[in-house]
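The values are calculated or read from the model by the stated rules, or taken from the named source; none is laboratory data. Just so you know, these numbers come straight off a predicted model, no measurement behind them. Cβ placement follows ideal geometry from the backbone for every residue including glycine, while neighbour counts extend to all protein chains displayed. To get the accessible areas, we keep the full protein, side chains included, count just its heavy atoms, and leave off ligands, DNA and RNA. Shrake-Rupley method; radii C 1.70, N 1.55, O 1.52, S 1.80 Å.
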Amino acid sequence: MDLQGKTVLLTGASGGIGSVTARELLAQGAHVIAHYARRRDDAEAATAQAPDRRTLIQADLAQPGGARAL
């Protein structure tokens, strides 16, 4: 799948399925807006292959109003 020029908002990019998904989206050419709740270092590591095509955003989606930070 060619995702050149596309932007993807990915929640939970700091671990598990989210980090694998972030890597794959970047490999396909997407710009990834990578959300994390607490583990910025893990989100950075998951998107390290293309730092010029990532944006990291912190938000605790378990808290009321947390989605507004996105």
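Against the chain, whose longest principal axis is taken from its Cα atoms, helix 16-27 shows a tilt of about 40°. Taking K and R as +1 and D and E as -1, what net charge do the other residues with C-beta under 14 Å from the C-beta of Ala69 add up to? Taking every Cβ under 14 Å from that of Ala69, the sum is +2. Relative contact order, whole percent, for the chain stands at 29, derived from Cα pairs under 8 Å and 6 or more residues apart. Set against the labelled values (1) 1.08; (2) 1.05; (3) 0.97, Rg/Rh (Cα atoms, Kirkwood Rh) computed from this structure falls on (3).
In the assembled protein chains, Thr21 presents an accessible area of approximately 50 Å² (probe radius 1.4 Å). Basic side chains Lys and Arg get +1 at the Cβ, acidic Asp and Glu get -1 at the Cβ, and with that the dipole of the chain about its Cα centre reaches some 140 debye. Helical runs (DSSP H, four residues minimum) scored at -39500 (n - 2.57) apiece and divided by the length of the chain put the mean residue ellipticity at 222 nm at -8000 deg cm²/dmol.
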